[in-house]
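Structure, as structure tokens:
The values are calculated or read from the model by the stated rules, or taken from the named source; none is laboratory data. All of these numbers come straight from a predicted model, not from anything done at the bench. Backbone-built Cβ (ideal geometry, glycine too); neighbour counts: all protein chains shown.
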Amino acid sequence: MQIRNGRPEDVPRALEIWRAAVDATHGFLTPADRAEIDAMVAQDFLPNAELRLAVDDADRVQGFLVMDGEMIDALFVDPAVHGRGVGTALLNYALKLAPNAIVDASEQATNALPFYEARGFVRTGRSETDPQGRPYPLVHLRHPGR
């Protein structure tokens, strides 16, 4: 597996991964919120994001990372390859870019907090809502550096 920069033609695959991962891990979202977030991600976020992609030997995208300075804005892996090191490879790449990276993990997504905490992230706070004010609590985490 390699990490490479994304290209415009990779956006549909990143969106496919985002949708599959959210469907697998974010069952707590209301249908209306899921649709609203999907539109935001598809129309605004992914087409304008600087994607870093985890690709297999055939250059098939397995997961993606989006950074904003020290902030991990997005890290999503195709559920078909969960548990195979794709997320860890993307996170390690993020930590090379920002050793003290920060991330907001959904408190209701059962996979997010264990993933980050198992890799050394520590809790620094909590918000009752997501950035748009929806009732989805976030846990704020920071990596202590290497």
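Of the residues V22, V103, the single one that is touching a residue at least 12 places away in the same chain (Cβ under 8 Å), crowded, with 16+ Cβ neighbours inside 10 Å, out of contact with any Gly (no Cβ under 8 Å at 6 or more places or on another chain) and part of a helix (DSSP H, G or I) is V22.
Would you confirm, using the coordinates I've provided, whether I3 is at pLDDT 95 or above, aliphatic (A, V, I, L, M), closer than 12 Å to L53 by Cβ and assigned to a helix (DSSP H, G or I)? For I3, the condition - at pLDDT 95 or above, aliphatic (A, V, I, L, M), closer than 12 Å to L53 by Cβ and assigned to a helix (DSSP H, G or I) - is not met. Just one of the numbered conditions (1) at pLDDT below 95; (2) in contact with a Pro (Cβ under 9 Å, 6 or more places away or on another chain) is not true of I17: (1).
The set of residues from segment 118-137 being under 17 Å from E70 (Cα atoms) and in contact with a strand residue (DSSP E or B) (Cβ under 9 Å, 6 or more places away or on another chain) comprises F121, V122, R123, T124, G125. Scanning segment 53-75 for residues that are farther than 18 Å from Y116 by Cβ and out of contact with any helix residue (DSSP H, G or I) (no Cβ under 7 Å at 6 or more places or on another chain) gives V55, D56, D57, A58, D59, R60. Report whether or not N92 is in contact with a strand residue (DSSP E or B) (Cβ under 8 Å, 6 or more places away or on another chain) and loosely packed, with under 15 Cβ neighbours inside 10 Å. No; evaluated as a whole, the condition is false for this residue.
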